[in-house]
2 protein chains.
Amino acid sequence: MNILVELATRAKEIGGVRVYKKSVERVFSALLRSGDFWEIVDMADLPVPAASGIVRTLIERGYAFIDDEENIRLSQKGLDLVRELGIEPYVEYVCQACEGRGIPFYTDIDFYREFLQVTKDRPRAIRDYDQGSVTPETTVSRVLFMDSRGDLRNKDILVLGAEDDLTGLAVALSRKARSVLVIDIDKRLIEFDNRIFKELGIDNAEAKVWDLRNPFPEEVLGRYDVFVSDPPETLPAFRAFIGRGIATLREEGGVGYFGLTLRDSSVFRWRDFQVSLTTEFGVAITDIVQDFNAYITWDYHPETKAAEIAPVRRNPKGVWYRSAWYRVEALPGFKRWNEPIGDEVFYLDEEGSTT
Amino acid sequence: MNILVELATRAKEIGGVRVYKKSVERVFSALLRSGDFWEIVDMADLPVPAASGIVRTLIERGYAFIDDEENIRLSQKGLDLVRELGIEPYVEYVCQACEGRGIPFYTDIDFYREFLQVTKDRPRAIRDYDQGSVTPETTVSRVLFMDSRGDLRNKDILVLGAEDDLTGLAVALSRKARSVLVIDIDKRLIEFDNRIFKELGIDNAEAKVWDLRNPFPEEVLGRYDVFVSDPPETLPAFRAFIGRGIATLREEGGVGYFGLTLRDSSVFRWRDFQVSLTTEFGVAITDIVQDFNAYITWDYHPETKAAEIAPVRRNPKGVWYRSAWYRVEALPGFKRWNEPIGDEVFYLDEEGSTT
């Protein structure tokens, strides 16, 4: 099996990110199912630089090659290795009804239809702020998930820095929250939300422009029952979004929801996040639902570092970027973190590539 | 809102376990949906002593009463409080297709049927070892879940101390693992498994009696790709099952699966488990799927502490005990823990009650 370790070591050099034997095995499994690089990233659950480093290594060592249609294919040498190591093709059994989320988005079909109707002119995702919208089915499922956990009805809810998904709008549209505050750096989204709130006469919701690198003002801290976010996966951004989200919670028992992906951060960094959540911030993790959030490939994909470092130029054909849905609960003694964020890398670091 | 804090404080005295405001709110939400104590425990996601302490407190303070059919009902005073605080009834939107697991058990219908057929004479759950079997749909879904994560095919798999669920048998029945070792303290289960393996000619699986309070022998340590368990929720048992499970992993990238419930441990203790997993044992948590594991109410329920401390004598009518499904991945530098367990409380502590 040492060959996999050797390949991982070389892939780490090429990709510039942490990779271990299992990562290489995952790419082999994915290659037995698809030649499309973006599908491989999706199936292997790896940061793009890691998947790219591995694929380039396999090509360099003669285990794989790129065909005329930019498919990545195993060579005979690659197929022999896979057989020798007993690596099998990737399989999936995702529920067709709920798309694997455990809660079907069509449970409240009127709500789903209204959301589609109201958001048909939604602002397009732009690159400036690391945007990438989730599918409408994802957004609606988030609200249903919150409702099923008692985190929606008559709650004061803050949606921070992820309104390209229009989750704040969906929460407000449900008309079940006590109040909704949407905070985002993108003026287009804030104006869009406020216009809809006004048109529909939703008077318990408002949207405000805010740059989360700045600390929250006093009136936001300790005021909410629930926060929702979808942070970029760098450590500074995690603090800015999740640390500050926790700081807005009124009291113990407060709840946070957010997406975390394995496409822009590794399982190694996930542990760092989890240590930070449970030890520093003082919350318990109650849910991690993989692939809950499905993202529509953003228009600016060809300009991203992901596209640049990919071993092929071919663009993604369908959904390839997914994230897990986290729910955390603030326990007695939880910590409110609200420091300014300096000039640290915010949107992009060595594992991230999609901004 | 201070009334909820006051009720929580009193409930903590009566129940003898940690309870906070949110716990009381959850019980109120559940009471707006059901009068059945076991359904209330299920909906409120609380340890039995906590739910019982809260219900008894509500009765003591005149917010609830027990009717002639042993239903717990809100009094007018209780209904007034609920309205005043804006507490709404518990709702759920669980996917009917996959029962909320994200993977439907009928995906491989032949496998499901074979499992039912083979296990029709399975040993009944007995009290001696804190047994309580999950439904066959749960067991089959566990195997499909493992397969979908690349943790089944050609893997060396150890199933430790949870064979009342027959998960080891199901893994072996899939005929996809490289090898399967089942370890359990209950000789009946071990003999059952070995008989089936023999009858079906499954020669890569075996079952052995072992008491997990004892350290594993050398030949088991560092030998497996994947372990599966379903520990009692005391801290010593967590170490014995999960710590030892991690110790059997061959290398970084090894994977563990186990159930953890909020019926026999609190969200407060969940954080302790999570700190231990991520900091001490050096694993990352990749999945927490709530209510993945549904347990058939055990025959010995009337003899349990749970039945004894419940505010009513009426037995559960259907599934009320569920647990979340955890998947963890061992990272570089993970720790192999294999100490003997002494006379500490193993099956039962203040939060546990179902053994």
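The values are calculated or read from the model by the stated rules, or taken from the named source; none is laboratory data. Keep in mind that what you see is a predicted model, and the values were worked out from it rather than measured. Cβ coordinates were reconstructed from backbone atoms using ideal geometry, including for glycine residues, and neighbour counts include every protein chain displayed. These accessible areas exclude ligands, DNA and RNA; they are computed on the full protein's heavy atoms, side chains included. Shrake-Rupley method; radii C 1.70, N 1.55, O 1.52, S 1.80 Å.
For the range B:6-59, give me each residue that is farther than 14 Å from B:Gly352 by Cα and small (Gly, Ala, Ser).
Residues satisfying the conditions are B:Ala8, B:Ala11, B:Ser23, B:Ser29, B:Ala30, B:Ser34, B:Gly35, B:Ala44.
Of everything in the range A:104-136, what is crowded, with 24+ Cβ neighbours inside 10 Å and aromatic (Phe, Trp, Tyr)? Give them in sequence order.
A:Phe105, the sole residue that qualifies.
Might you let me know whether the range B:199-206 holds any residue that is in contact (Cβ under 8 Å) with a residue 60 or more places away in the chain, of a type in the set (A, V, I, L, M) and open to solvent by 10 Å² or more (accessible area, probe 1.4 Å)? First the steps, then the outcome.
At the first step, the residues of the range B:199-206 found to be in contact (Cβ under 8 Å) with a residue 60 or more places away in the chain are B:200.
Within this subset, residues satisfying the condition of being of a type in the set (A, V, I, L, M) are B:200.
If we keep only those that are open to solvent by 10 Å² or more (accessible area, probe 1.4 Å) as well, we get B:200.
Taking every residue of the range B:199-206 in turn, at least one turns out to be in contact (Cβ under 8 Å) with a residue 60 or more places away in the chain, of a type in the set (A, V, I, L, M) and open to solvent by 10 Å² or more (accessible area, probe 1.4 Å).
Among (1) open to solvent by less than 20 Å² (accessible area, probe 1.4 Å); (2) touching a residue at least 60 places away in the same chain (Cβ under 8 Å); (3) more than 11 Å from chain B (Cβ to nearest Cβ), which single condition is A:Ile59 missing?
Here A:Ile59 clears every test but (1).
Is one or more of the residues making up the range B:178-189 within 14 Å of chain A (Cβ to nearest Cβ), open to solvent by 10 Å² or more (accessible area, probe 1.4 Å) and at pLDDT 95 or above? Show your work before the answer.
Of the range B:178-189, the ones within 14 Å of chain A (Cβ to nearest Cβ) are B:178-179.
If we keep only those that are open to solvent by 10 Å² or more (accessible area, probe 1.4 Å) as well, we get B:178-179.
Right, trim to at pLDDT 95 or above and you get B:178-179.
Scanning the range B:178-189, I find at least one residue that is within 14 Å of chain A (Cβ to nearest Cβ), open to solvent by 10 Å² or more (accessible area, probe 1.4 Å) and at pLDDT 95 or above, so the answer is yes.
If you go through the range A:200-209 one residue at a time, do you hit one that is away from chain B (no Cβ under 14 Å) and in contact with a Pro (Cβ under 7 Å, 6 or more places away or on another chain)?
We begin by selecting, within the range A:200-209, every residue away from chain B (no Cβ under 14 Å); these are A:200-203, A:205-209.
Now drop any that are not in contact with a Pro (Cβ under 7 Å, 6 or more places away or on another chain), which leaves none.
No.
Restricting to the range B:73-100, name every residue that is out of contact with any helix residue (DSSP H, G or I) (no Cβ under 6 Å at 6 or more places or on another chain) and either hydroxyl-bearing (Ser, Thr, Tyr) or more than 10 Å from every other protein chain (Cβ to nearest Cβ) (or both).
Across the range B:73-100, the qualifying residues are B:Arg73, B:Ser75, B:Gln76, B:Lys77, B:Gly78, B:Leu79, B:Asp80, B:Leu81, B:Arg83, B:Glu84.
Here are some conditions: (1) within 7 Å of another protein chain (Cβ to nearest Cβ); (2) β-branched (Val, Ile, Thr); (3) in contact (Cβ under 8 Å) with a residue 40 or more places away in the chain. B:Val283 meets all but one. Which one does it not meet?
Checking B:Val283 against (1) within 7 Å of another protein chain (Cβ to nearest Cβ); (2) β-branched (Val, Ile, Thr); (3) in contact (Cβ under 8 Å) with a residue 40 or more places away in the chain, the one that fails is (1).
Report, by residue number, each residue of the range B:137-152 that is in a loop (DSSP other than H, G, I, E, B) and open to solvent by 10 Å² or more (accessible area, probe 1.4 Å).
B:Arg149, B:Gly150, listed by residue number.
Does B:Tyr90 satisfy being open to solvent by 30 Å² or more (accessible area, probe 1.4 Å) and either without any contact (Cβ under 8 Å) to a residue 60 or more places away in the chain or at positive phi (or both)?
On the way: open to solvent by 30 Å² or more (accessible area, probe 1.4 Å): yes; either without any contact (Cβ under 8 Å) to a residue 60 or more places away in the chain or at positive phi (or both): no.
Spelling it out, it is not the case that B:Tyr90 is open to solvent by 30 Å² or more (accessible area, probe 1.4 Å) and either without any contact (Cβ under 8 Å) to a residue 60 or more places away in the chain or at positive phi (or both).
Taking the stated definitions as given, is A:Asp36 within 14 Å of another protein chain (Cβ to nearest Cβ), closer than 30 Å to B:Cys98 by Cα and not β-branched (Val, Ile, Thr)? Reasoning before the result, please.
Details: within 14 Å of another protein chain (Cβ to nearest Cβ): no; closer than 30 Å to B:Cys98 by Cα: yes; not β-branched (Val, Ile, Thr): yes.
The answer is no for A:Asp36.
Do we find that B:Val289 is over 24 Å from B:Arg213 (Cα atoms), away from chain A (no Cβ under 14 Å) and in contact (Cβ under 8 Å) with a residue 60 or more places away in the chain in this structure?
Values: over 24 Å from B:Arg213 (Cα atoms): yes; away from chain A (no Cβ under 14 Å): no; in contact (Cβ under 8 Å) with a residue 60 or more places away in the chain: yes.
No; evaluated as a whole, the condition is false for this residue.
Considering every residue within the range B:240-248, establish whether at least one is touching a strand residue (DSSP E or B) at 6+ places or on another chain (Cβ under 9 Å) and of a type in the set (S, T, N, Q).
For the range B:240-248, residues touching a strand residue (DSSP E or B) at 6+ places or on another chain (Cβ under 9 Å) and of a type in the set (S, T, N, Q): present.
Could we say that A:Ile103 is within 14 Å of another protein chain (Cβ to nearest Cβ), outside any helix (DSSP H, G or I) and more than 30 Å from B:Arg175 (Cβ to Cβ) here? If you could, list the steps in order and put the result at the bottom.
Values: within 14 Å of another protein chain (Cβ to nearest Cβ): yes; outside any helix (DSSP H, G or I): yes; more than 30 Å from B:Arg175 (Cβ to Cβ): yes.
So A:Ile103 passes the test.
Report, ordered by the first and then the second residue, all pairs with beta carbons closer than 9 Å, sequence separation of six or more or different chains, a first member in the range B:141-161 that is assigned by TED's automatic domain parsing to the domain that holds B:Leu189, and a second member that is basic (Lys, Arg) and not in a loop (DSSP other than H, G, I, E, B).
Partner pairs satisfying both residue conditions: B:Phe145/B:Arg327; B:Met146/B:Arg327; B:Arg149/B:Arg327; B:Gly150/A:Lys22; B:Gly150/A:Arg26; B:Asp151/B:Arg327; B:Leu160/B:Arg244; B:Gly161/B:Arg244.
So B:Asp36 fits all but one of (1) of a type in the set (D, E, K, R); (2) closer than 24 Å to A:Arg153 by Cβ; (3) surrounded by fewer than 21 Cβ atoms within 10 Å (Cβ to Cβ); what number is the exception?
B:Asp36 satisfies every listed condition except (3).
Which is among the small types (Gly, Ala, Ser), in contact with a Ser or Thr (Cβ under 7 Å, 6 or more places away or on another chain) and either within 25 Å of A:Leu249 (Cα to Cα) or open to solvent by less than 10 Å² (accessible area, probe 1.4 Å) (or both), of A:Gly161, A:Gly168?
Numbers: A:Gly168 fails: in contact with a Ser or Thr (Cβ under 7 Å, 6 or more places away or on another chain).
One residue alone meets the criteria, A:Gly161.
Rundown of residues vs (1) within 30 Å of B:Ile87 (Cβ to Cβ); (2) assigned by TED's automatic domain parsing to the domain that holds A:Val24; (3) touching a Lys or Arg at 6+ places or on another chain (Cβ under 8 Å), yes/no style:
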{"position": "A:Thr286", "(1), (2), (3)": "yes, no, yes"}
{"position": "A:Val289", "(1), (2), (3)": "yes, no, yes"}
{"position": "A:Val319", "(1), (2), (3)": "no, no, no"}
{"position": "A:Tyr326", "(1), (2), (3)": "yes, no, no"}
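Any idea which of (1) under 22 Å from A:Leu331 (Cβ atoms); (2) away from chain A (no Cβ under 14 Å); (3) open to solvent by 10 Å² or more (accessible area, probe 1.4 Å) is the one B:Thr234 doesn't satisfy?
(3)
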